[in-house]
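Here is the structure we will look at, set down as structure tokens.
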Amino acid sequence: MPDSKINSMLMKLPDETGKGDVMAATSVLQQRANEIRNNSINWQSYLQSQMIGDDDYRFITEFLASDGSKRDSLLQNQRTQCAKTFLSLLEHISKDQTVQYILTIMDDMLQEDMNRVEIIREYAKKKRENVWSPFLNLLNRPDNFIQNMTSRIIAKLACWSRDPMEGSDLTFYLTWLKDQLQTPGNEYVQTTARCLQMMLRDEKYRLVFAGMEGVSVLANILSGRINFQIQYQLSFCLWVMTFSPQLVEQMNKHKIIPILGDILNDSVKDKVTRIILAVFRNMIEKPEDAAMVKENCVAMVQAKVLKQLSILQQHKFDDEDIMADIEFLTEKLQASIQDLSSFDEYSTEIKSGRLEWSPVHKSERFWRENANRLTEKNYELLKMLVHLLETSRDTLVLAVASYDIGEFVRHYPRGKSIIEQLGGKQMVMQLLAHEDPNVRYEALLAVQKLMVHNWFVKF
């Protein structure tokens, strides 16, 4: 499918979940918005205190009294006044309760008809003002509802307007979203995720987000304890990002496949299962690099995806897309196993960071035939092993990585000096004092192998 068609398809995805989605209907922002709509604002007092002008007063009162076709007619005939009034109210009124109300009815106005974003854009262009400034400034307000309702409006303007968000404005907004996702105890995180879902459908926006370590942030959050709704929303973000093949490599770097594999294995919600299968399918279908496709297939097998697919095949899904994805993935993963060399398996395991005592580690033949391949790509796999020794807290990973360091030294002529240069010897030595006896034992064996001057003479 051509890129233009893909982008068009993504931009037409629904921005809000359907009415049947209980989570959306009961989100903190929507609950508060329902309360705020019932508030009564005394616009007359603002007029009398000269905080708003006669024209703004007339428009806002007429706007609030209208609905349906009458409101359409009002906005069509008073486009400039509409934008002027809303922006003027936001600029001159500081009371939180009133600002909350203004933002809520403004968001409702845009939600009723996405073409109304042009009312705001056209006014800013006519006045030669930055359309984003009034809204970006509100993201700094201390009130969380104001921040998050503003964020919804910004996302709508950025995604529905003819003029895209660019430069420092875009960077500021995406950074704000990224920070909000990572804020502990953020009760509006669902709203943040929904804004990101909207933004990342646009390739320009997702490339910028990826460039600011966005994939890493999504990976870290998905690795933690989060509810199924956030699992779904952030997996959706990853799914739209897979439509940019160059971003799939970033996902591999941040171990997205094993992370989503864990969620898939534990998932009890069909929508979470569906979106993860869609991510996996794209990670096989979209990249043009055959080596990357093969690596992704092997990573999925190691993440126990094939096993989960066989379980899912027994499940009766109403959604035809799920069944199609299950069949596609099963076929591709089974084919990858048949074409899998022991080194492919080993390489993918190292890159996943999830080492276990799979058969290749203890295979004399494997090390004899493949030790030299660990030096390929400027010692890529060896560097990963050393990094695991330095950073992992998993005792199984540390034990297996120590063993592999020793076996490489034993089977590669210059292995000892290479491991020393990469800092591996120091890492293994430190593990001699590890609290886990298995880690200490494997580290001791590795140190002994490092101390032998020449394995090829001795053996």
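The values are calculated or read from the model by the stated rules, or taken from the named source; none is laboratory data. Everything numeric in this text was worked out from a predicted model, so none of it was measured. For neighbour counting, all protein chains shown are included, and Cβ atoms are generated from backbone atoms with ideal geometry for every residue, glycine included. Surface accessibility is based on the protein's heavy atoms, side chains included, excluding ligands, DNA and RNA. Shrake-Rupley method; radii C 1.70, N 1.55, O 1.52, S 1.80 Å.
Would you kindly give the portion of the calculated P(r) for the range 305-447 that falls above 24 Å, as a percent of all Cα pairs?
Looking at the range 305-447, the distances longer than 24 Å represent 40 percent of pairs.
Counting pairs of Cα atoms in the range 24-158, how many percent are more than 17 Å apart?
Considering the range 24-158, 58 percent of its Cα-Cα pairs are separated by more than 17 Å.
Once fully extended, how much extra length lies between Val452 and Asn227, figured as 0.36 nm per residue of separation less the alpha-carbon to alpha-carbon distance?
75.8 nm is the gain from fully extending Val452 to Asn227.
Return the distance in nm (one decimal) between the two label points of a simple spin-label model at Ser358 and Thr391, each offset 7 Å from Cα along Cα→Cβ.
Using points 7 Å along Cα→Cβ, the separation is 2.0 nm.
Enter the angle in degrees (range 0 to 90, nearest 10) between the Cα long axis of helix 376-391 and the first principal axis of the Cα atoms of the chain, meaning the one along which they spread out most.
Approximately 80 degrees, to the nearest 10.
Ignoring ligands and nucleic acids, what accessible area does Ser94 show with a 1.4 Å probe (Å², nearest 10)?
90
Heavy-atom accessible area of His387 with all protein chains present, probe 1.4 Å, nearest 10 Å²?
100
How much length, in nm to one decimal, is gained on full extension between Asp270 and Arg141, taken as 0.36 nm per residue of separation minus their Cα-Cα distance?
Using 0.36 nm per residue and subtracting the Cα-Cα distance, I get 42.7 nm.
Could you compute the FRET efficiency for Asp321 and Asn220, with r as their C-beta to C-beta distance and R0 at 35 Å, rounded to 0.05?
0.80
Of the listed values [x] 1.01; [y] 1.13; [z] 1.24, identify the label whose number matches Cα Rg over 2.2 N^0.38 Å calculated from this model.
Structure-derived value, by its label: [z].
Subtract the Cα-Cα distance of Gln50 and Asn130 from 0.36 nm times their separation in residues, and report this length gain in nm to one decimal.
26.2 nm
Working from Cα positions, state the angle (0 to 90°, nearest 10) between the long axis of helix 320-338 and the longest principal axis of the chain.
20
Kindly express, to the nearest 10 degrees and within the range 0 to 90, the angle between helix 189-199's C-alpha long axis and the longest C-alpha principal axis of the chain.
90
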